[in-house]
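The values are calculated or read from the model by the stated rules, or taken from the named source; none is laboratory data. Worth saying up front: this structure is predicted, and the values here are computed from it rather than measured. So basically every Cβ, Gly included, is an ideal-geometry build from the backbone, and we count neighbours across all protein chains shown.
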Amino acid sequence: MSLFAKFDGIRAGVEALLGSVRNPFDVRFDRVLSPTEALLEGRPVLLLGTNNYLGLTFDPACVEASMRALEETGTGTTGSRIANGTYSSHALLEQRIAEFYGKRSAIIFSTGYQANLGLISTLAGRDDHLLIDADSHASIYDASKLSTAEVIRFRHNDPEDLAHRLRRLKGRPGNRIIVTEGIYSMLGDTAPLREIAAVKREMGACLIVDEAHSLGILGANGRGLAEAAGVEGDVDFVVGTFSKSLGAVGGFAASDLPDFDLLRIVCRPYMFTASLPPAVIGSVIAALQRLSTDKSLGARALSNSRRLYGGLEQSGFKLGPEPNPIVAIKMPDPARAALFWNRLIDEGIYVNLALPPATPGSLSLIRSSVSSAHSDVQIDRAISIMTAVGRELGVIAAR
Amino acid sequence: MAAQGSILDRGRIEAEIIAMLSGRVPQGVQVSSETQILRGLGLDSVAILDFIMDLEDRFDISIPLDRVAEVETIADLSGAIETLMRAAR
């Protein structure tokens, strides 16, 4: 039997679904022109599915810092953080992240995925209990698999269910570690973090919050949902990524716990991979500076999100529960979602197609991510085209 | 139906699982004790995990993900639930 035979079902499902539409796993941009525009199949497309929330990928200060680092320190570190892969810029970025969050220390990872993988799998040891939200990102699930702890899912955004599951553990030894996210990546909903923090305090658990999609967006200083909810003191570990609001790649974890830096010698996804290239570190330091000094970026991303969400809602689409920079349209079925996604590209709009089992509740979603760099004209054009395609495919009622 | 938290034997747990699945599996899918959970129910992996969550509520236990991974058939699942209920007693 072929090594790949086990994936026959998945392959057949994808082939049956795609039929005459483009393969979403094979989209290749000819050229990216700006945070909101690219060329695809030789034609211009509006980028509305790139997580580029603050539009910093072409920010002159970020580009200049990146180029300077490239010229001064080369294309890559060619080593891991525990060997030759720590430059002064890596340490400086860690210091800046810690300062930004007001935490004692921060550790950077080569991707956001690895930040969750490393932090969670290392912290949650044998006899510990890891409680993860049912809608957690794949990196949290994979970290759970890698850990030796007992892993329990709690109902999505349900603090009472979390408390109930923690109560079931009464009398059993081991640490309780709760993992939640600021903004959830598929539907764009926020966690009830104040209530989750209250459960954490009551039950004596530890709390990890992944702010990947909320960094730069929520909170007066852009620190994410914990800041917006006023519970930063309850969060034992903040996790985040450089690949969304900060326009590059990489991830981090920050904490006040005195032993946090022990992770540097026990966390395998940190230790046994090459460190981020200097050019990435340079642009992220500049992007963090931009985020810290220009509060209008996050505000603009949110107002653009409300504009898109409001327009689509008015057209009759079924959407995720909140107008955050992730705006998800619920489609009637996977086939219609694929057709809708394909037609939007025909009409010059790139969004994400999200299908089960990658989605909560087996939903078929058209997932947009809104940027501060989008203009009102671009958002209105997207609403108009999505509405027309929605009517054409019977997703929403004809006028 | 027994009160939540009381111990049920494996046969009754299995009957309840099959009854709870009846409204969830696609039409035409017959569920028995030997049905393979991942391949035989016509549900994707997330739908299966969500169903397991309903079982956790029904039997007032938590079924850790590593235990879920070890389970292949409805009979295995019934056995795991019985074991966890006894351990939680």
Exercise. Would you point out which residue out of B:E82, B:E14, B:E70 is among the charged types (D, E, K, R), in contact with a helix residue (DSSP H, G or I) (Cβ under 8 Å, 6 or more places away or on another chain) and free of Cβ contacts under 8 Å to residues at least 60 places away in the same chain?
Key: B:E70
Quiz prompt | Test: residue in the stretch A:175-196 that is more than 14 Å from chain B (Cβ to nearest Cβ) and over 28 Å from A:P321 (Cα atoms) | solution = yes
Exercise. Just need a number here: residues in the stretch B:1-58 that are within 14 Å of chain A (Cβ to nearest Cβ), within 18 Å of B:M85 (Cα to Cα) and either assigned to a loop (DSSP other than H, G, I, E, B) or modelled with pLDDT under 90 (or both).
Key: 2
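Out of A:A91, A:A115, I need the residue that is aliphatic (A, V, I, L, M), surrounded by fewer than 23 Cβ atoms within 10 Å (Cβ to Cβ) and in a helix (DSSP H, G or I). Which one?
Numbers: A:A115 fails: surrounded by fewer than 23 Cβ atoms within 10 Å (Cβ to Cβ).
Step by step, each of A:A91, A:A115 is checked, and only A:A91 is aliphatic (A, V, I, L, M), surrounded by fewer than 23 Cβ atoms within 10 Å (Cβ to Cβ) and in a helix (DSSP H, G or I).
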Quiz prompt | Search result, residues across the stretch A:156-171 that are touching a residue at least 40 places away in the same chain (Cβ under 8 Å) and at the interface with another protein chain (Cβ under 10 Å from one of its Cβ atoms) | solution = A:H156, A:L169
Quiz item: Does the stretch B:70-89 contain at least one residue that is at pLDDT below 90, on the phi > 0 side of the Ramachandran plot and more than 10 Å from chain A (Cβ to nearest Cβ)?
Solution: no
Practice problem: Just name the residue that is surrounded by the most Cβ atoms within 10 Å (Cβ to Cβ) out of those in the stretch A:225-256 that are among the β-branched types (V, I, T) and closer than 15 Å to A:Y53 by Cα. | Solution: A:T241
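Name the one entry in A:E99, A:E72 that is touching a residue at least 24 places away in the same chain (Cβ under 8 Å), assigned to a helix (DSSP H, G or I) and among the acidic types (D, E). Give the steps one after another, and end with the answer.
Working: A:E99 fails: touching a residue at least 24 places away in the same chain (Cβ under 8 Å).
Residue meeting the stated conditions: A:E72.
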Quiz item: Just one of the numbered conditions (1) more than 14 Å from every other protein chain (Cβ to nearest Cβ); (2) not in a helix (DSSP H, G or I) is not true of B:S62; which one?
Solution: (1)
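More than 30 Å from A:L18 (Cα to Cα), outside the structural domain of A:A191 (by TED's automatic domain parsing) and at pLDDT 95 or above: does that describe A:R264?
The answer is no for A:R264.
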